[in-house]
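Trainee: Structure in structure tokens, see below.
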Amino acid sequence: MDFAARLSDRLGHGLSIVHVYLHGRPPAEMMRLAETEQLYAHVAAAQNLTPRGQPANFLGLFASAAEEHEKANAILAVGETILDWAEQRARDAGARDVVTHLCAGDYADAILKTADTENAAMIVIGRRGLGMVREILLGSVSQKVLHHAACTVIVTQ
């Protein structure tokens, strides 16, 4: 994030931040709920998902969400929280014209689609290092983005 923000500042270009909240194709029901209940606008509702009070962490948030609409709300709330944090960090590091995108689906596909939609000149992506076996079996998001992007890709450690 810091590297991308510094590039944005030094090059005088805007910065788009992408967070993908589900891996793979999300269930149609969850997407329907997200649209019909306008869950994107209810990030603060994550604080009141259950009568048991506020969970201690994000794992507790998902575990305490008994109903599907609560789980969908929790997933979206976590995504929005991550984006809010990333946007503030980017602005603090000097990024210009910061725009955030909360996406569903396959990680790499969502990043590539957003880059195309935004007509991005460059993608900066981190490499998490999940381990050789897992990377070989599942593929790597950064590898897929690197191989399929129509623009320059910088992979950071």
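Trainee: So in the range 74-104, with the set limited to residues that are under 11 Å from the mean Cα position of the chain (by Cα) and small (Gly, Ala, Ser), which one is farthest from residue 8 (Cα to Cα)?
Mentor: Result: 104.
Trainee: Read through the list (1) modelled with pLDDT of 90 or more; (2) farther than 22 Å from residue 9 by Cα; (3) part of a helix (DSSP H, G or I); (4) in contact with a helix residue (DSSP H, G or I) (Cβ under 7 Å, 6 or more places away or on another chain), then give the number of the only condition that residue 109 fails.
Mentor: With (1) modelled with pLDDT of 90 or more; (2) farther than 22 Å from residue 9 by Cα; (3) part of a helix (DSSP H, G or I); (4) in contact with a helix residue (DSSP H, G or I) (Cβ under 7 Å, 6 or more places away or on another chain) applied to residue 109, the lone miss is (4).
The values are calculated or read from the model by the stated rules, or taken from the named source; none is laboratory data. Because the structure is a prediction, the values reported are computed rather than measured. Glycine also receives a Cβ, built like all others from the backbone with ideal geometry; neighbour counts cover every protein chain displayed.
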